[in-house]
Amino acid sequence: MESEQLTLVAREASAPQRKAIVSFETVFSFLILLFIPAAILWGWWHRAELPTPEDGLGYALGIIGVTMMAILMIYPLRKRLTGATWMGSVGTWFRIHMLLGLLGPLVILYHARFTWAATNSGVALLALLVVVASGLFGRFLYVHIHRGYSQRKLEVRDFLDELGESRLLLDADGDAGHLIVGYLRELERHALEKRSNLFHGAFAVFSITARTWLFAWRLRGVVRAELAREASLPGQRATDSEALIDHLTRYLQSIRDVGGFAFYDRLFRAWHYLHVPLFLFLAMTVALHVLAVHMY
Ligand code: HEM
């Protein structure tokens with residue numbers, strides 16, 4: 001046990017310092033998430049001045065939006081063509097899928113001038129918005145059970161490894177770390193319990209998340225008191241408080257991950273059964289809309 005802890009601590013000490021580098025992707029995603037609501041608000045505000053969808057720019061917006069949505073369908077295709085590396089990585093196509101899944105419907109909203117108008121276009125627009133909302137929910141679930149967008153599906157043992165590792169690191173942080181691990185043992189056991197149905201799973205995710213936040217807040221006091229006590233003892237080596245907080249945060253995150261994994265995994269599978277038919281319904285309504293506007 002002791003040597004395991006020492007190995008972990010040594011491994012962490014030799015690892016390059018994790019710096020808070022904000023990646024280009026994070027900044028880009030943030031800008032897109034700012035741009036889309038702003039564009040929706042602006043468009044809705046100016047909807048009376050937008051070009052008519054029957055011809056010219058308004059018509060072109062319809063074609064652009066549908067083309068964007070046709071391109072985003074390359075992702076499921078690429079995912080299934082496992083050997084088609086010449087097409088680019090699955091992760092890249094997934095990012096394109098999500099980006100066009102937001103920009104395409106935005107363009108369609110401008111094409112529709114933010115109105116439901118005729119029944120056929122109204123149903124197509126509604127189906128589109130439902131698919132986008134479903135896509136966003138799917139993405140929320142996806143990131144809980146995958147490593148990035150690489151399609152690498154995580155397994156329970158990945159989370160258990162991380163949980164054990166983060167607990168050992170915290171346990172090695174002097175008396176304060178050891179004390180905190182003792183406090184959190186019961187919560188960890190609770191997170192590891194098997195839950196028979198989705199409802200129990202949802203409740204557990206909620207309660208574990210709330211309790212980890214509460215602990216994070218309450219344990220700050222325990223950490224401060226313990227560090228002050230250590231500092232008052234002559235000849236005592238001071239615990240690195242930054243590392244301690246870092247390890248505590250990591251341990252709490254691991255507890256949340258372990259507690260939520262089975263739930264998110266189940267829900268993601270159920271979501272797939274809903275999302276694909278919703279998409280097929282959308283494709284049908286778009287086809288009907290295109291037929292209707294060209295026939296009458
Ligand atoms: C018009 C908009 C969209 C359409 C037509 C659409 C369509 C689809 C389809 C057909 C799939 C099934 C893929 C499969 O079974 O392999 C899918 C999966 C998915 N979509 Fe979308 N989507 C749209 C927008 C979005 C948006 C806006 C997001 C999130 C930002 C999103 C996130 C996802 C996720 C997370 C998956 C599951 C990925 C996987 O299991 O590999 N989608 N989408």
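The values are calculated or read from the model by the stated rules, or taken from the named source; none is laboratory data. Note that the coordinates shown come from a computational prediction; the quantities given were computed from them, not determined experimentally. For neighbour counting, all protein chains shown are included, and Cβ atoms are generated from backbone atoms with ideal geometry for every residue, glycine included.
Numerical summary
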{"read-out": "Any hit, region 110-126, residues being assigned by TED's automatic domain parsing to the domain that holds residue 277, assigned to a helix (DSSP H, G or I) and within 8 Å of the ligand (Cβ to nearest atom)", "value": "no"}
{"read-out": "Among (1) away from the ligand (no atom under 15 Å from the Cβ); (2) assigned to a loop (DSSP other than H, G, I, E, B), the one test that residue 57 misses", "value": "(2)"}
{"read-out": "Looking only at region 145-164, and only at residues there that are surrounded by 18 or more Cβ atoms within 10 Å (Cβ to Cβ) and in a helix (DSSP H, G or I), the one that is nearest to the chain's Cα centre (by Cα)", "value": "145"}
{"read-out": "Region 67-98, residues that are touching a residue at least 24 places away in the same chain (Cβ under 8 Å) and surrounded by 18 or more Cβ atoms within 10 Å (Cβ to Cβ)", "value": "68, 69, 72, 90, 94, 97, 98"}
{"read-out": "Residues that are at pLDDT below 95, of a type in the set (A, V, I, L, M, F, W, C) and surrounded by fewer than 20 Cβ atoms within 10 Å (Cβ to Cβ), drawn from region 99-126", "value": "114, 116, 117, 118, 123, 126"}
{"read-out": "Unique residue being farther than 30 Å from residue 128 by Cα and touching a helix residue (DSSP H, G or I) at 6+ places or on another chain (Cβ under 6 Å) when the list is 231, 216, 243, 210", "value": "216"}
